[in-house]
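J.: Pasting a structure below so you can have a look.
The values are calculated or read from the model by the stated rules, or taken from the named source; none is laboratory data. Source: prediction; values computed, not measured. All Cβ positions, even for glycine, are placed from backbone atoms using ideal geometry, and neighbour counts span all protein chains on display. SASA here: full protein model, heavy atoms, side chains in, ligands and nucleic acids out. Shrake-Rupley method; radii C 1.70, N 1.55, O 1.52, S 1.80 Å.
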Amino acid sequence: KRELFHDLGPMLWNSFGTPTVFLQEIISIYPFLSPSNLIPAQSNRVCNILTLLQCVASHSDTKMLLLDAKIPFYLYPFLDTTSESRPFEYLRLTSLGVIGALVKADDTDVIRVLLPTQIIQRCLRAMQMGSELSKTVATFILQRCLLDNLGLSYICTTPELFFAVVRVFGNMVGALAEQPSSSLLKHIIRCSLHLSYNRSLLMCDISQSSSGFLISMRLKAMCMAYGRACDVLRTRLPLILRDTTFSSRLSISDMFCIVIIDYSVVAMDYLTVPTDHSYVATDDVTTVV
């Protein structure tokens, strides 16, 4: 009944010694993570703590305090586990729930803090193992990161990370053909849609350059990176979504998103960067000098 107590997060955070007790409980099961000796009672105890932390993480008055104290980072060992037994799966799910509560509201400051901690890589790991619910929450976190321009830029300008994201999406879509999940598929399509926005992000960066001047080497590199990224997005992800495999499970909005993805990645063909030319910014396109 925590939803009935809107100020539960601040009450827990401001209660004397409560955050310290939470942290002690979390750390207490570290020795049982490897080797995998965690028993259900231990997992349930910590999961209850994490459920309370979700209240702190979801409240606007306390989420940045929680991040400043770096308490969410103490949950990363739970996300790094590979055991698929129920005690470990519950730990992963509730830990993802805390991160999901942090990113649920649009807040660039939260994304800025989380990105350097390899939260994207940890979400990708969770998306490839465990229950459907864990995969869905992990994909939701990734989607929230992609909704923010900082997160989108971080992923699209890091080739290894972008390729890893698209590869995981491709594998997940293939698996969903055998074990369908409408909610998970919807999140994957939304993530792919945001990935296709990298063209808009690039054009925004170009438009901020002084017209008539050479675009910096950084922007040239971004053009090349975004071009390669869209090649991967075009060839790896949309293929199975274009046929009738998921037609009965896709809403009209989902199908519309797929059309936009196809349009965006095809449009990137107009931003190829020859290595022997420089580029200048014009009003609508990037032209060769």
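J.: Which one of Leu150, Leu142, Leu114 is over 14 Å from Leu102 (Cα atoms) and among the aliphatic types (A, V, I, L, M)?
T.: Result: Leu150 is the single residue among Leu150, Leu142, Leu114 that is over 14 Å from Leu102 (Cα atoms) and among the aliphatic types (A, V, I, L, M).
J.: Quick check: anything in the stretch 45-68 under 18 Å from the mean Cα position of the chain (by Cα) and of a type in the set (Asp, Glu)?
T.: No, that holds for no residue.
Here's the yes/no breakdown for (1) surrounded by 15 or more Cβ atoms within 10 Å (Cβ to Cβ); (2) modelled with pLDDT of 80 or more:
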site: Ser153; (1), (2): yes, yes
site: Asn171; (1), (2): no, yes
site: Gly174; (1), (2): no, no
site: His187; (1), (2): yes, yes
site: Cys191; (1), (2): yes, yes
site: Tyr197; (1), (2): yes, no
site: Leu201; (1), (2): yes, no
site: Ile206; (1), (2): yes, no
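J.: State all residues of the stretch 1-21 that are within 14 Å of Ile71 (Cβ to Cβ) and buried (at least 16 other Cβ atoms within 10 Å of the Cβ); if no residue qualifies, say none.
T.: Hits for the stretch 1-21 are Gly9, Leu12, Trp13, Pro19.
J.: Still on this structure, please answer the following. Contact list please: Cβ distance under 6 Å, first residue in the stretch 63-75 and touching a residue at least 12 places away in the same chain (Cβ under 8 Å) and farther than 11 Å from Thr117 by Cα, second residue part of a helix (DSSP H, G or I) and open to solvent by 10 Å² or more (accessible area, probe 1.4 Å), pairs at least six apart or on different chains.
T.: Close Cβ pairs (under 6 Å, with a partner that is part of a helix (DSSP H, G or I) and open to solvent by 10 Å² or more (accessible area, probe 1.4 Å)) amount to Leu67/Val113.
J.: Name the residue that is farthest from His6 (Cα to Cα), counting only residues in the stretch 55-71 that are open to solvent by less than 70 Å² (accessible area, probe 1.4 Å) and assigned to a helix (DSSP H, G or I).
T.: Only one residue fits best here, namely Ile71.
Yes/no matrix, rows are residues, columns are (1) part of a helix (DSSP H, G or I); (2) of a type outside the set (Val, Ile, Thr):
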| position | (1), (2) |
| --- | --- |
| Thr81 | no, no |
| Gly97 | yes, yes |
| Ala105 | no, yes |
| Val113 | yes, no |
| Leu150 | yes, yes |
| Tyr154 | yes, yes |
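J.: Right, here's the next one. Filter the stretch 83-92 down to the residues that are outside any loop (DSSP other than H, G, I, E, B) and either in contact with a Cys (Cβ under 8 Å, 6 or more places away or on another chain) or among the charged types (D, E, K, R) (or both) and list them by number.
T.: Once the filter is applied, which keeps residues that are outside any loop (DSSP other than H, G, I, E, B) and either in contact with a Cys (Cβ under 8 Å, 6 or more places away or on another chain) or among the charged types (D, E, K, R) (or both), the stretch 83-92 yields Arg86, Glu89, Tyr90, Leu91, Arg92.
J.: Right, another one. Considering each residue of the stretch 10-32, count those that are closer than 21 Å to Leu91 by Cβ and in a helix (DSSP H, G or I), and give that number.
T.: 15
J.: Just to be sure, is Ser15 small (Gly, Ala, Ser) and closer than 23 Å to Thr117 by Cβ?
T.: Against the criterion (small (Gly, Ala, Ser) and closer than 23 Å to Thr117 by Cβ), Ser15 does not qualify.
J.: Among the numbered conditions (1) modelled with pLDDT under 95; (2) open to solvent by 70 Å² or more (accessible area, probe 1.4 Å); (3) more than 27 Å from Ser131 (Cα to Cα), tell me where Gln24 comes up short.
T.: Single failed check for Gln24: (1).
J.: Additional query: Identify the residue in the stretch 37-54 that is under 14 Å from Leu102 (Cα atoms) and not β-branched (Val, Ile, Thr) and, among all such residues, is most open to solvent (accessible area, probe 1.4 Å).
T.: The qualifying residue most open to solvent (accessible area, probe 1.4 Å) is Leu52.
J.: Next question, about the same structure. Which of (1) within 18 Å of the chain's Cα centre (by Cα); (2) of a type outside the set (Phe, Trp, Tyr); (3) closer than 21 Å to Asn171 by Cα is the odd one out, the single condition Leu147 does not satisfy?
T.: Unmet for Leu147, out of (1) within 18 Å of the chain's Cα centre (by Cα); (2) of a type outside the set (Phe, Trp, Tyr); (3) closer than 21 Å to Asn171 by Cα: (3).
J.: Out of everything in the stretch 72-89 that is under 20 Å from the mean Cα position of the chain (by Cα) and open to solvent by 30 Å² or more (accessible area, probe 1.4 Å), what residue ends up being farthest from Ile26 (Cα to Cα)?
T.: So, considering only residues that are under 20 Å from the mean Cα position of the chain (by Cα) and open to solvent by 30 Å² or more (accessible area, probe 1.4 Å), the one farthest from Ile26 (Cα to Cα) is Thr82.
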